[in-house]
Structure formats: C-alpha cells, structure tokens
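Taking it in order: structure first as structure tokens, then the write-up.
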C-alpha cells in the first residue's frame, strides 16, 4: 500500500473467520473480509477500513495454512505442475461501517513441476506455516511458480489494481459515501 501512495495502519481484528466449505471461494473470502473490516470500522468510525481475506483453491476446494512442515510439503506436492486459483475478497468500510462495498479478485497460478528436493529447498528459505497453500508469491517465487494469470498483487494478498479503482471512486464522491 505504501508503494501505491497510501498511508495505513495495520489492525488485526479479533474475529472468528467463516470456514464454510459450502460457500464459493468468492463468497467465503468476501464474507471474511466484511467481518474483518466491520470489526475495525465500528471503533474507527473516522477511518476508511479495508478488510481482506485470501484463499488458495485447487479443484474447487480450499487449501488453508499447513499445521506443520509435513503438511506444507504435501500441499506443494498437490500444487506441483498444476494451476490453482487464488481468490481475495476485499471489503471497504467507511463511516463506522454504515457504508460498505466489497469485491473479489481471482488469479490463476501455475506451479512448476516440483521434486521433493525442490520443495524442501523452497521451504528452507521461507516460513510456510503461516501461508495458505504453504507458499508466498513474494518470497522466492521463481523457485516454484511458472506463471501467474491475473493480478500479481492479488496473489500476494491484496489486489491493489482493483482496490485503487474502488478507493478512487470513494474519493470522487462528494459525500465520500458508497452508492
């Protein structure tokens, strides 16, 4: 966000995220983004609050954060040589949450074919346990990623191109309110 010229403060809300596998990736990430944005907006009524939630999906099923290194390696084996979706839901809340807009962005990430040696080498360079899918596009991505179709910043966790458009729309409104 700094690169885009925005000043911001990171606030981690105390919310219980939805984990409903019956929801589409779009609906689930947007729902969690709304929960996060509204939780902060209620006590920061003067701020424009952005909530985001990113999930990795393979074959229509979410891949969360691994619980240990064995599960992390298993996740990369499943992603190896395949294309998966990264979906980020974003919610923008203003006026204490009275104004709320939301959207989602989906990018497609294709992994290289990965050997166990390549997976272990990659995981020795990054911390996979706090990352959905056990990888981070911003860390050593050339080791594992063949290509990204769509927004690179979305795969990092916040689709800046679309977010910038939405924030510009908000700034252009005389009242600063969403329509």
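Its relative contact order, with pairs defined as Cα atoms under 8 Å and 6+ residues apart, puts the chain at 22 percent. For the chain, the longest principal axis of the alpha carbon atoms and the long axis of helix 116-125 meet at an angle near 40°. Prolate is the label for the range 25-170. Its Cα gyration tensor axes, ordered a ≥ b ≥ c, give a/c of at least 1.5 and a/b above b/c. If you line up the long axis of helix 25-41 against the longest principal axis of the chain, both from Cα atoms, how many degrees apart are they, to the nearest 10? So the helix axis and the longest Cα principal axis differ by about 50 degrees. Note on the chain: helix-only mean residue ellipticity at 222 nm, from DSSP H runs of 4+ residues weighted -39500 (n - 2.57) and normalised by residue number, equals -9500 deg cm²/dmol. Spin-label model, residue 23 to residue 43: label points 7 Å out along the Cα-to-beta-carbon direction sit 2.2 nm apart. For the range 29-93, the relative contact order comes to 49 percent (Cα pairs under 8 Å, sequence separation of at least 6). Helix 69-79 axis versus longest C-alpha principal axis of the chain: approximately 90°, rounded to the nearest ten. From the square roots a ≥ b ≥ c of the eigenvalues of the alpha-carbon gyration tensor of the range 1-68, which class results: rounded (a/c under 1.5), prolate (a/b over b/c), or oblate? Verdict is prolate for the range 1-68.
Look at where the Cα atoms of the range 27-51 and of the range 56-71 average out, and the two centres are 25 Å apart.
Here the range 10-26 and the range 81-122 have alpha carbon centers that stand 13 Å from each other.
Look at the alpha carbon pairs under 8 Å that are at least 6 residues apart: their mean separation over the length of the range 74-138 gives a relative contact order of 37 percent.
A short reminder: the numbers here are calculations on the coordinates, not readings from a lab. Remember, predicted model here, so these are calculated numbers, not experimental data. Quick reminder, even Gly has a Cβ in these numbers, built from the backbone with ideal geometry, and neighbours come from all protein chains shown.
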